1. Take the conditions in contact with a helix residue (DSSP H, G or I) (Cβ under 6 Å, 6 or more places away or on another chain), among the aliphatic types (A, V, I, L, M), surrounded by 23 or more Cβ atoms within 10 Å (Cβ to Cβ) and closer than 15 Å to B:Ala69 by Cα and apply them to A:Ala116. Does it pass?
2. Could you check, for the stretch A:209-223, whether at least one of its residues is more than 19 Å from the chain's Cα centre (by Cα) and either of a type in the set (Phe, Trp, Tyr) or buried (at least 18 other Cβ atoms within 10 Å of the Cβ) (or both)?
3. Return only the number of the condition from (1) touching an Asp or Glu at 6+ places or on another chain (Cβ under 6 Å); (2) buried (at least 24 other Cβ atoms within 10 Å of the Cβ) that B:Thr21 does not satisfy.
4. Restricting the search to the stretch A:87-99, which residues are touching a residue at least 40 places away in the same chain (Cβ under 8 Å), assigned to a loop (DSSP other than H, G, I, E, B) and within 20 Å of the chain's Cα centre (by Cα)?
5. With respect to A:Leu90, determine if the residue is surrounded by fewer than 24 Cβ atoms within 10 Å (Cβ to Cβ), more than 10 Å from chain B (Cβ to nearest Cβ) and under 23 Å from A:Gly53 (Cβ atoms).
6. Please specify each residue of the stretch B:137-148 satisfying the condition of being farther than 14 Å from B:Thr230 by Cα and surrounded by 19 or more Cβ atoms within 10 Å (Cβ to Cβ).
7. Being in contact (Cβ under 8 Å) with a residue 12 or more places away in the chain, within 14 Å of chain B (Cβ to nearest Cβ) and farther than 22 Å from A:Pro2 by Cα is the filter here; which residues of the stretch A:29-56 pass it?
8. Could you please let me know if A:Tyr75 is under 18 Å from B:Gln97 (Cβ atoms), in contact with a helix residue (DSSP H, G or I) (Cβ under 8 Å, 6 or more places away or on another chain), among the aromatic types (Phe, Trp, Tyr) and more than 13 Å from chain B (Cβ to nearest Cβ)?
Amino acid sequence: MPNTQQLEDITTQVRRDILRMVHKVNSGHPGGSLGCAEFFVALYNEIMDRKDGFDMDGIGEDLFFLSNGHISPVYYSVLARVGYFPVDELNTFRLLNSRLQGHPTTHEGLPGIRIASGSLGQGMSVALGAAQAKKLNGCKHLVYSLHGDGELQEGQNWEAIMYAAGNKVDNIISTIDLNGQQIDGSTDTVLSLGDVRAKFEAFGWIVIDIEKGNNIEAILKGMAEAKSKTGNGKPVCVLLHTVMGNGVDFMMHTHAWHGKAPNDDQLAEGLRQNAETLGDY
Amino acid sequence: MKTYENTGNKDTRSGFGAGLTELGKTNENVVALCADLIGSLKMDDFKKNHPERFYQVGIAEANMIGLAAGLTIGGKIPFTGTFANFSTGRVYDQIRQSVAYSGKNVKICASHAGLTLGEDGATHQILEDIGLMKMLPGMTVINPCDYNQTKAATLAIADHDGPVYLRFGRPSVANFTPADQKFEIGKALHLVEGADVTIVATGHLVWEALEASKALNEKGISAEVINIHTIKPLDAKAIIDSVSKTKCIVTAEEHNHLGGLGESVARVLSQHLPTPQEFVATNDTFGESGTPAQLMEKYGLNSDAIVKACEKVIKRK
């Protein structure tokens, strides 16, 4: 079991992976990826109970679904760093014939991926379906999912949120990446989400805030609390307060790096701020 | 010529319901989801017999498709049930990304397809669903012709690994195929041998094609009738072999001529055996309220329309 310092070292390396992947192909989504780096590292190294290897059905282990598929760089980096596929394959991100498509997909058979995502708002329904399958199979493991905050503007989420509570799907922990940013600006200016906690609570969910969503210890503590709330007849929502672009100072607190790659100088500066820890791919 | 007996009118949706009931007993991995239309989809028995494997999702079709995709992760075989309109157009992107592109083993079962749902009118009468579904890579598209065949198809798709769109309807129509038939996905059925014209029909139009072949026979025209229950993958060989003999073809479907069976047939023939073809289908239009028979008459989808199309296409040989 890695300690906090080790998880932080992994996170630093994941940031380097994200920057280098996006820079190489001059496309991709670094902002949200960097903002969720600590969460992914904690989730895959500490929080989830995972089997060795990969099979689609995932019986006997926790499952994770990424709904906001555009933050594929952090997903791919962490999947590779925990051993689902060779780290060197990160070199193929967004290239022709790659398994690392712009948005995650099962179509190319990349281990670790169980659903395609990218068109927003679909992941919670899928995660709920997988959670229901776990109940049918008598599998006591949990289903985790991650969603962007702007993504909550998609109506399908609210169908799913209503369904989960109405059907007591209590083996799911859905995390909302509350970074307050989307492509066209802040979520407040584009389409205000209002009080997200109150909305989830009104729909019958248990809600847990992780105020320091870029702090490993806070994430571990908050997710442990979330896990303790499962199995009580209610779905669990985690509001993860993150900073978009976290860990690279000029990318932080802005929507400008939602879907923009750094140039050579910016890459160098970003890497300077995040010194190699595990070795670059 | 070979003739077929109507053993009594039945609705194809009840064939689906009967198939689902049987699957409930024989395949423990089959689960069913419905968006507030249990009675219309004839899913009552499955719900009653297997409440733990039945999911009432409410009026939330997008969520239903996503739930179904998720249920496959864990080895379940989900059958979703709602009207054809809400099974396809309303949830196209959910099917595209979460089911088709993700390669999930979901069976999208759609009742009240086409004009023959009748009085509810155009909001519910989808005539574009075959096109929408056949364009999705990896999607199998099936439109059985009667109660018995719909039941057989429902059983067959549970054994097929991959996404399927199963299309059926509301009204009671002739039930004439064998009760004990084995349904083979992608395999066209030769119903009547003929020499002068090939009629390729799907769904409710198969019985109309049989009626048309009798009328044509009385006029001295020998029509070959093929039941294409599977629009994708299309049995190209059956079509080419028949047309090699008859030299002309009429396609018949309860669907828009844009995107339907007829266009799939035309693509095959234009590549392999260019052939005069007439289309019995709706002409780029919405439907309207009326009885099923009135609508099929007004929009040219009955046996009379098929007879006329055959006479027309024979002259073009």
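The values are calculated or read from the model by the stated rules, or taken from the named source; none is laboratory data. Note that this is a predicted model, so its numbers are computed, not measured. Note that we place each Cβ from the backbone using ideal geometry, even for glycine, and neighbour counts take in every protein chain shown.
1. Values: in contact with a helix residue (DSSP H, G or I) (Cβ under 6 Å, 6 or more places away or on another chain): yes; among the aliphatic types (A, V, I, L, M): yes; surrounded by 23 or more Cβ atoms within 10 Å (Cβ to Cβ): yes; closer than 15 Å to B:Ala69 by Cα: yes.
Considered against the rule, which asks whether it is in contact with a helix residue (DSSP H, G or I) (Cβ under 6 Å, 6 or more places away or on another chain), among the aliphatic types (A, V, I, L, M), surrounded by 23 or more Cβ atoms within 10 Å (Cβ to Cβ) and closer than 15 Å to B:Ala69 by Cα, A:Ala116 comes out as yes.
2. Taking the stretch A:209-223 as the starting set, the residues that turn out to be more than 19 Å from the chain's Cα centre (by Cα) are none.
No: the stretch A:209-223 contains no residue that is more than 19 Å from the chain's Cα centre (by Cα) and either of a type in the set (Phe, Trp, Tyr) or buried (at least 18 other Cβ atoms within 10 Å of the Cβ) (or both).
3. Condition not satisfied by B:Thr21: (2).
4. Selection gives A:Phe93, A:Arg94.
5. Values: surrounded by fewer than 24 Cβ atoms within 10 Å (Cβ to Cβ): yes; more than 10 Å from chain B (Cβ to nearest Cβ): yes; under 23 Å from A:Gly53 (Cβ atoms): yes.
In short, yes.
6. Of the residues in the stretch B:137-148, the ones farther than 14 Å from B:Thr230 by Cα are B:137, B:147-148.
Those that are farther than 14 Å from B:Thr230 by Cα and surrounded by 19 or more Cβ atoms within 10 Å (Cβ to Cβ): B:Tyr147, B:Asn148.
7. A:Met56
8. Numbers: under 18 Å from B:Gln97 (Cβ atoms): yes; in contact with a helix residue (DSSP H, G or I) (Cβ under 8 Å, 6 or more places away or on another chain): yes; among the aromatic types (Phe, Trp, Tyr): yes; more than 13 Å from chain B (Cβ to nearest Cβ): yes.
Here the answer is yes, as A:Tyr75 does meet what is asked.
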